[in-house]
Amino acid sequence: MSKNVLVLADIRDGELRNVTLESLAAATRVADGGAVTAAVFGSKGKETVEKLSHHGADKVVLVPNPKLDQYTTDAYFQTFKQVIEKVSPEVILTGHTAVGRDVSPRIAARLGLGLVSDCTEVERKEGKIVFTRPIYAGKAFVKKAVREGTVFATLRPNNIPALEADTSRSAVVEELEVEFAEDSIRTLVKEVVRKASEGVDLSEARVVVSGGRGVKSAEGFQPLEELAGVLGGAVGASRGACDADYCDYSLQIGQTGKVVTPDLYIACGISGAIQHLAGMSNSKVIVAINKDPEANIFNVADYGIVGDLFEVVPMLTEEFKKVLVENK
Amino acid sequence: MNILVCLKQTFDTEERIVIEDGQISEDGVEFVINPYDEYAVEEAIRLRDEHGGEVTVITVGPERAEQALRTAMAMGADKGIIVDDEDLENADEYSIAKVLAAVIEDLDYDIILGGYMAVDDGSAQVGPRLAELLEIPHISTITKLTIDGETVEVEKDVEGDVEYIQSKLPILVTAQQGLNDPRYPSLPGIMKAKKKPLERLDIDDLDLDEDELEGKTETLEVFLPPEKEAGRILEGELEDQVKELVDLLRNEAKVI
């Protein structure tokens, strides 16, 4: 049975995030011929219409109020709620990101809906929409469905592949005016400090170069950053490295910290404690570099090099540089 | 200042997961306060020590979850409330938030804290849901909290970036890693905690309709990820290993 699906677009630094295109792919899958609508908030929304339509949106609802340029829970909540009332979707999807996981539970609570968060797969099965999601940070998985009524889910970045762009598609565009009552936005964002590394977000990075206690100091992360730079990836860390103050907690990967699923995960000087493995073992390809041949990380690695990371990582950076230049 | 902390008892993060009869086995498992909730407990105690008042820790769970409340009280929380979840068979985030809201509606509070997610289900829903049911604002994933009179200042982690946000009490905030270093309970703290008041509630004690207790989602299957086979340890001169690795990543794994 066809279903109307609403996708909340996620914009970061004025750019549409990949997870929105992935959500459109999921939406197309479950719509079964129904309409896929994307909702875009903020004054830059218009610039995203083409990309959204090429990747599966049949309709785009723009809410160009500049008060939505900076995310606040209350402004997004009010707007999202009005869009839902207007579109009357049977399925609602957002990214499981700072935006999606903040506003979706509030919307679900207000509308009395179930919400399946942080899904890595979605399928149609016997008339039901079934989501797969990790629990215990990926040590196990569950398949979940919403019992009845509107289906609402947030999707983990990097898991459901986006559709190939189809440039022949164009979406119907509608604008919706939303006004905010005075005092209805109860939080004030005074300042935003960008700390995320070079614009490559850890949770969306295709390559993650990660350091553990073996990195030995904050300076020890330098060669890892260089390698990540060459590969267009992001730098991560184990709890050991964060606890030892070698890096910021925002880089921590594990059951506490972030869970990542890049195409390539390079673990440098990481022993492989079970709580770290939970955060990265679903990466597509894992490389381990460690002095200790008995290190647990080698049990999950596809390829391992036993050696000193301070020797191996710079050599690896040089080799990648060479090969990547040759192939340009 | 009346401070409430919602917490959950979870598996220790070093535990392996075993599935028995389609369920996750709790046999021999060590339980802890969900690490993100532990930050919330620590922050609540610091707020109380600075501003005065009382810290109440609240949980919904089986009998064993009482231990998590005792640990929080040993850290310094003043009292605890546990809602027995025996009659909550098909609970999900929808129903847990309803239960917590029903408990909290009868309490005086200035601020509510919790972890931004639990390390077991990891859904990150209950905090924002609860704030909505109580009709108060929330700020999630905070790494710093300052309260001056009615004014609340926080630093919020936004996937690596930091937002400096101002708001007002009453508010609900959820803790991100980096908020503080939770203390270990001291021996005198553990002794004192045994005598601190702990209220035990049943679902029947709360003003809730039957249909609010039934979750809106259902779990169809629980399974373990495919076991990963150990891969190849490269051999030979380091220089050759590096060349081989790059070649394998490009031509065998095809990820570069």
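The values are calculated or read from the model by the stated rules, or taken from the named source; none is laboratory data. A quick note: this is a predicted structure, and the numbers were derived from the prediction, not measured. All Cβ positions, glycine included, derive from the backbone under ideal geometry; neighbour counts span all protein chains shown. Note: areas computed on protein heavy atoms with side chains; ligands, DNA, RNA excluded. Shrake-Rupley method; radii C 1.70, N 1.55, O 1.52, S 1.80 Å.
Identification of strands (runs of 3 or more DSSP E) wholly contained in segment B:154-215 with 3 or more residues that are free of Cβ contacts under 8 Å to residues at least 60 places away in the same chain and buried (at least 18 other Cβ atoms within 10 Å of the Cβ) yields B:161-168.
Picking from residues in segment B:4-56 that are more than 21 Å from A:Ala273 (Cα to Cα), part of a loop (DSSP other than H, G, I, E, B) and in contact (Cβ under 8 Å) with a residue 40 or more places away in the chain, the one that is most open to solvent (accessible area, probe 1.4 Å) is B:Lys8.
Taking strands (runs of 3 or more DSSP E) that fall entirely within segment A:224-328, which contain at least 1 residues that are open to solvent by 10 Å² or more (accessible area, probe 1.4 Å) and touching a strand residue (DSSP E or B) at 6+ places or on another chain (Cβ under 8 Å)? It would help to see each step written out before you state the result.
On the way: elements: A:234-237, A:264-268, A:285-290, A:303-306.
The strands (runs of 3 or more DSSP E) meeting that bar are A:234-237, A:285-290, A:303-306.
Answer yes or no: is there a residue in segment A:83-93 that is outside any strand (DSSP E or B) and free of Cβ contacts under 8 Å to residues at least 24 places away in the same chain. So far as segment A:83-93 goes, yes, one or more of its residues are outside any strand (DSSP E or B) and free of Cβ contacts under 8 Å to residues at least 24 places away in the same chain. Considered as a group, the residues in segment A:114-161 that are open to solvent by 20 Å² or more (accessible area, probe 1.4 Å), under 24 Å from B:Asp211 (Cβ atoms) and more than 9 Å from chain B (Cβ to nearest Cβ) include one that is modelled with the highest pLDDT, and that residue is A:Thr150. Take the residues in segment B:84-98 that are touching a strand residue (DSSP E or B) at 6+ places or on another chain (Cβ under 6 Å) and buried (at least 23 other Cβ atoms within 10 Å of the Cβ), then tell me which one is farthest from B:Val41 (Cα to Cα). That would be B:Asp92. Do we find a residue being of a type in the set (A, V, I, L, M), within 23 Å of B:Asn90 (Cβ to Cβ) and within 14 Å of chain A (Cβ to nearest Cβ) anywhere in segment B:188-210? Yes, segment B:188-210 has at least one match.
Identify the residue in segment B:236-251 that is open to solvent by 80 Å² or more (accessible area, probe 1.4 Å) and more than 9 Å from chain A (Cβ to nearest Cβ) and, among all such residues, is farthest from A:Asn290 (Cα to Cα). Top of the filtered list is B:Asn251.
Would it be correct to say that A:Lys195 is within 23 Å of A:Asp13 (Cβ to Cβ), open to solvent by 30 Å² or more (accessible area, probe 1.4 Å) and at pLDDT below 95?
Numbers: within 23 Å of A:Asp13 (Cβ to Cβ): yes; open to solvent by 30 Å² or more (accessible area, probe 1.4 Å): yes; at pLDDT below 95: yes.
Here the answer is yes, as A:Lys195 does meet what is asked.
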